[in-house]
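Student: One structure is given below, represented as structure tokens, and several questions about it will come after.
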Amino acid sequence: MATSAVDSFLPEALQFRSDAPLVDIGANLTHESFQRDLADVIARAKAANVATLIVTGTDIEHAEQAVELAKQTPGIYATAGVHPHDASGWNSDVARQLKALHQKPEVVAVGECGLDFNRNFSTPHEQERAFEAQLALAAESGLPLFLHERDAGQRMREILHSWRDDISQAVIHCFTADRDTLHGYLDLDLHIGLTGWICDERRGHHLRSIVKDIPLERLMVETDCPYLLPRNLPAKLKGRRHEPALLPWIVREIAQWHDVTETELGNATTRTAQHFFRLDAEA
């Protein structure tokens, strides 16, 4: 029998399968690198027992694409927001389009939005303006928030503190900061999303000593694919493109440092994600 593209793309050493059904809360499946084989990518995710995918909408165009993908594919949902890199383009028309997207049943969170003072592709003032406008949309819709923060922890906490009574739940996606920043977010009753950053011995090793500080009911897992391919995978991957089928490896790494089993971590993060995004009981 011929080997299908679904089976052959990942080396056998990277064909993982989680005992627990997993939720990848941050998959950038509208990225151009997935255009040629998206159906195979989704099939490989299902084979790995990554049962639910939250596709990130970082601007109007990609949020609309995520919604269409969610309409076509069971187990896929969308977020809708404006990334801080694109905050300079915020205007009333963008706000109107986002508000309409937030009313669609496929959209389960406002975002990706937040602050990124690392690159400042948009100025801090532009970022804060777009972020607060999206906090207002989240307060109006009641949807949870999917948040981006880099090198802006103090300002992010200040803004969120002033909005905390108005918004529902929020997750700091792809958390990479230090212990003090982590505890500041936990004190605000926020959730934390962890990625393969923890697998990077150059930049993510500090996360290994603080991951146990995150209660399992506040923790979710994600690939942030096609970015952040884990550096410690047991085999090389052609093209270096990350994908949801590799989420079980990240779960294994986090479980080791959290001192729980992979199954326990998988089940806990799935329950947390289902509750957070208000998904059906079955992932």
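Student: Scan segment 1-31 for residues that are at pLDDT 95 or above and hydroxyl-bearing (Ser, Thr, Tyr) and report the count.
Tutor: 2
Student: Something else: Mind telling me which of the residues ASP213, ASP189 ends up being touching a Leu at 6+ places or on another chain (Cβ under 8 Å), open to solvent by 30 Å² or more (accessible area, probe 1.4 Å) and either among the acidic types (Asp, Glu) or modelled with pLDDT of 95 or more (or both)?
Tutor: Going through ASP213, ASP189 in turn, the sole match is ASP213.
Student: Would you confirm, using the coordinates I've provided, whether ASN28 is touching a Pro at 6+ places or on another chain (Cβ under 7 Å), more than 13 Å from LEU246 (Cα to Cα) and of a type outside the set (D, E, K, R)?
Tutor: yes
Student: Scan segment 219-250 for residues that are assigned to a helix (DSSP H, G or I), closer than 16 Å to GLY26 by Cβ and of a type outside the set (A, V, I, L, M, F, W, C) and jot them down.
Tutor: Result: PRO244, PRO248.
Student: So, one more: Is it fair to say GLU253 is assigned to a helix (DSSP H, G or I), under 27 Å from VAL41 (Cα atoms) and among the acidic types (Asp, Glu)?
Tutor: Yes, satisfied.
Student: Looking at (1) open to solvent by 10 Å² or more (accessible area, probe 1.4 Å); (2) more than 30 Å from ASP37 (Cα to Cα); (3) part of a helix (DSSP H, G or I), which one does ARG202 not meet, given that it meets all the others?
Tutor: Tallying (1) open to solvent by 10 Å² or more (accessible area, probe 1.4 Å); (2) more than 30 Å from ASP37 (Cα to Cα); (3) part of a helix (DSSP H, G or I), ARG202 fails exactly one: (3).
Student: Same structure again: Across segment 123-135, what is the number of residues that are open to solvent by less than 40 Å² (accessible area, probe 1.4 Å) and not polar (S, T, N, Q)?
Tutor: Final tally of qualifying residues: 4.
Student: Does any residue of segment 95-115 turn out to be modelled with pLDDT under 95, farther than 21 Å from GLN169 by Cβ and not aromatic (Phe, Trp, Tyr)?
Tutor: No, every residue in segment 95-115 fails to be modelled with pLDDT under 95, farther than 21 Å from GLN169 by Cβ and not aromatic (Phe, Trp, Tyr).
Student: Scan segment 54-82 residue by residue and report those that are in contact with a helix residue (DSSP H, G or I) (Cβ under 6 Å, 6 or more places away or on another chain) and either of a type outside the set (Gly, Ala, Ser) or open to solvent by 10 Å² or more (accessible area, probe 1.4 Å) (or both).
Tutor: Residues satisfying the conditions are VAL55, ASP59, ILE60, ILE76, TYR77, VAL82.
Student: Let me ask something else. Please determine, by comparing only the residues of segment 164-186 that are within 14 Å of GLY114 (Cβ to Cβ) and of a type in the set (Gly, Ala, Ser), which one is most open to solvent (accessible area, probe 1.4 Å).
Tutor: ALA177
Student: Taking only pairs six or more apart or across chains, which ones have beta-carbon atoms under 6 Å, a first residue in segment 38-49 that is part of a loop (DSSP other than H, G, I, E, B), and a second residue that is open to solvent by 40 Å² or more (accessible area, probe 1.4 Å) and of a type outside the set (Lys, Arg)?
Tutor: That search, which allows pairs on different chains as well, returns ASN49/PRO21.
Student: In segment 137-160, which residue that is surrounded by fewer than 16 Cβ atoms within 10 Å (Cβ to Cβ) and either in contact with a helix residue (DSSP H, G or I) (Cβ under 9 Å, 6 or more places away or on another chain) or small (Gly, Ala, Ser) (or both) is farthest from THR58 (Cα to Cα)?
Tutor: GLN154
Student: Here's another thing I want to ask about it. Based on this model, can you work out whether ALA13 counts as among the small types (Gly, Ala, Ser), surrounded by fewer than 18 Cβ atoms within 10 Å (Cβ to Cβ) and without any contact (Cβ under 8 Å) to a residue 40 or more places away in the chain?
Tutor: Here the answer is no, as ALA13 does not meet what is asked.
Student: If the Cβ limit is 7 Å and pairs must be 6+ apart or interchain, which residue in segment 250-267 that is within 14 Å of LEU207 (Cα to Cα) pairs with which residue that is in a loop (DSSP other than H, G, I, E, B) and open to solvent by 20 Å² or more (accessible area, probe 1.4 Å)?
Tutor: Every condition considered, the pairs that remain are ALA255/THR261.
The values are calculated or read from the model by the stated rules, or taken from the named source; none is laboratory data. Treat the numbers as computed from the prediction; the structure is a model and nothing was measured. Glycine gets a Cβ as well: all are built from the backbone with ideal geometry, and neighbour counts include every protein chain shown. Please note that ligands, DNA and RNA were not included when accessible areas were found on the heavy atoms of the full protein model with its side chains. Shrake-Rupley method; radii C 1.70, N 1.55, O 1.52, S 1.80 Å.
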